[in-house]
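The values are calculated or read from the model by the stated rules, or taken from the named source; none is laboratory data. Remember, it's a predicted structure, so these values are computed and weren't measured experimentally. Positions of Cβ are generated from backbone atoms using ideal geometry, with glycine treated the same way; all protein chains shown enter the neighbour counts. The area values use the complete protein model at the heavy-atom level, side chains included, leaving out ligands, DNA and RNA. Shrake-Rupley method; radii C 1.70, N 1.55, O 1.52, S 1.80 Å.
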Amino acid sequence: MIDRFPARVTKTFMVFAAVLSVCCLLCCAIANAQELPTSPIHFSARSIAFALDSDETAQRHAPETMAGGVAVFDYDRDGKPDIFFTNGANIDSLQKDSPKYWNRLFHNNGDGTFTDVTEKAGLKGTGYDVGVAIGDYDNDGFDDILLAGVYRNTLYHNNGNGTFTDATREAGVSQPDKQYGPLWAVGAAWVDINNDGLLDLFVVNYMSWDGKKEPNCRYNGKPEYCHPKFYKETPSRLFLNNGNGRFTDISEQAGIRAHPGKGMSATIADFDNDGLPDIFVTNDKLFNFLYHNQGHNRFEEVALEMGVALPAHGNLISGMGSDFRDLNNDGYPDIALAALQNETFPIYQDVSGASFQEITARSKMTSLSNPMSGYSVNIADFDNDGWKDIFVSRGDVASPNMEDHIRVSQPNTVFRNLKGTWAALTDEAGFSALPPRRHRGAAVADFNGDGKLDLVVVALSDSAELWINDSPGSGHWIELALEGRRSNRDGIGARIKLTAGGNVQYNHMTTASGYASSSAVPVHFGIGEASAVDDIEIRWPSGTVQILKNIAADRVVKVQEPR
């Protein structure tokens, strides 16, 4: 028989147990609180079943390290952004002779998962694809796909029933150049250069490459990817939409062909607000190009006089991906681009459309980005505070053999806009949840419909990354899904002025941003504490000006252009 505890001891034990229980709960609460994001911008990693295979070999052929575009677009018009990945091919034959090289289309199921629908859609591909650009070139309401690749571009027409048809031959967008022969394209941009309601096509060509005549570049006795100086430059191309499914190469008469380069990205904006879209092109170890639209299908290259050809230090840099949007809410689009380690990520501020001023050092971007190498640049408001931030997918061009010399594999970074300066968020933003990689293309979309912009990022010879925005702030937002009627169906080129809570912002519709990638999604505005938008002014490419007033926030607003 066991004696009972005295009442005093029992009471003491119960009090101790209760205190211990409260302490345990408090500790758990603190632990859980530490797991919650504390950074104003934060992402959580999700998986998606795609791995980029560029057929990386010991011989280090140049295209192997440049692969990796991604696009987001609603291919079936169900209201949810889907994901398309470009992929490499056999580096010797430049053919997709294995399923590991297939391009991939993933349908957004709306529950946080994606389904591979590549075969059903007819999008496996045939050649060595690098970049992707999304746009509705025939104005039928379904976005089409342009693939930029090694020796061949491919145009897929969206049939509107979940399938695509290869329309390259009839479209005429993949002929060899009469002087340079087959070209290696790394990206493209859809743009209505003459505001006739038909999307034209700008294709970014990189450098002249012959796999059988690769330069002999080595590091520690092993083959390494060569400096661009060992390759000749090539011109980019401009194709005018004829309106009948065919395009005409007007590169020469437009003034584009006169400027061969080593193009890495093209972004579109009307930098002087004259109603005509202009084109900025980053070049690898050459001057950048800024093509000013003169009207009548003519462009003038003005990068040097406008101050965007080189950084202020005057050295040639490895210009990678770029974006061209208003960063300081003054109504004029600014330029941000990525480069490699010790080159910084330059930022050019548009000064009333008359010139650009480099603000890289003044905004603290020089010191923040100097140790980094980057590829894709995407400007977007990730914390919905009304100020656009800059995401950079990071990684170096070198092979893993050089990891003892430079940081080849790197984590991604988002630079938060502090209204004139930047804060670099890497660990704080959650990007250290995955190992450092050689990241390449990136695209932006709200995949789960919560009003916070998410990311999808490609990594060379590795799995793609899906980053879901779970930032702790409660900033309000609004998105505008444009439908052109007199203008092109996507509304590409439309300029938007938004006023909410006494603050004014500007953005424009474009699907071109980053490196080799495309974000074909509604135009997003974060509006902070404002629960409604006072007014929205849309200047359509046709010249029509449309005013919307007193619009409730936290939703996607579909806007049709007046006829």
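One table, with the values for the structure above:
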{"quantity": "10 Å beta-carbon shell around residue 528, net charge (K/R +1, D/E -1)", "calculated": "-4"}
{"quantity": "Within-12-Å neighbourhood charge of residue 244 [Cβ basis; K, R +1; D, E -1]", "calculated": "-1"}
{"quantity": "Extension gain (nm, one decimal) between residue 219 and residue 44, 0.36 nm per residue minus Cα-Cα", "calculated": "59.3 nm"}
{"quantity": "Between region 233-268 and region 521-551, the alpha-carbon center distance in angstrom", "calculated": "32"}
{"quantity": "Environment charge at residue 458 (Cβ cut-off 13 Å; Lys +1, Arg +1, Asp -1, Glu -1)", "calculated": "+1"}
{"quantity": "Label-reachable residues, region 289-326, where backbone N falls under 16 Å from a point 7 Å from residue 248's Cα toward its Cβ", "calculated": "296-299"}
{"quantity": "Coordinate range along principal axes, alpha carbons of region 338-396, Å, largest first", "calculated": "34, 27, 17"}
{"quantity": "Spin-label pair residue 558/residue 116, simplified geometry with 7 Å Cα→Cβ offset, distance in nm", "calculated": "3.3"}
{"quantity": "Most to least accessible of 115, 499 (protein chains only, probe 1.4 Å)", "calculated": "115, 499"}
{"quantity": "Net dipole in debye of the chain [+1 Lys, Arg Cβ; -1 Asp, Glu Cβ; about Cα centre; nearest 20]", "calculated": "900"}
{"quantity": "Net lengthening on full extension, residue 274/residue 58 (0.36 nm per residue, minus Cα-Cα)", "calculated": "72.7 nm"}
{"quantity": "Dipole axis of region 379-531 (+1 Lys, Arg; -1 Asp, Glu on Cβ), positive-most option in 488, 408, 459", "calculated": "488"}
{"quantity": "Shape of region 79-133, Cα gyration tensor, a/c cut at 1.5", "calculated": "prolate"}
{"quantity": "Carbon/sulfur fraction of accessible area - region 504-563, other protein chains in place, 1.4 Å, %", "calculated": "46"}
{"quantity": "Under 29 Å from residue 100, Cα to Cα: lysines that are on another chain or at least 8 residues apart", "calculated": "80, 120, 124, 212, 213, 222, 262"}
{"quantity": "Computed helical MRE - 222 nm, the chain, DSSP H runs ≥ 4 contributing -39500 (n - 2.57), nearest 500", "calculated": "-2500 deg cm²/dmol"}
{"quantity": "At R0 = 56 Å, FRET efficiency that the Cβ-Cβ distance of residue 532 and residue 166 yields, to 0.05", "calculated": "0.75"}
{"quantity": "Most positive-pole-ward Cα, 220, 146, 163, against dipole of the chain from beta carbon charges", "calculated": "220"}
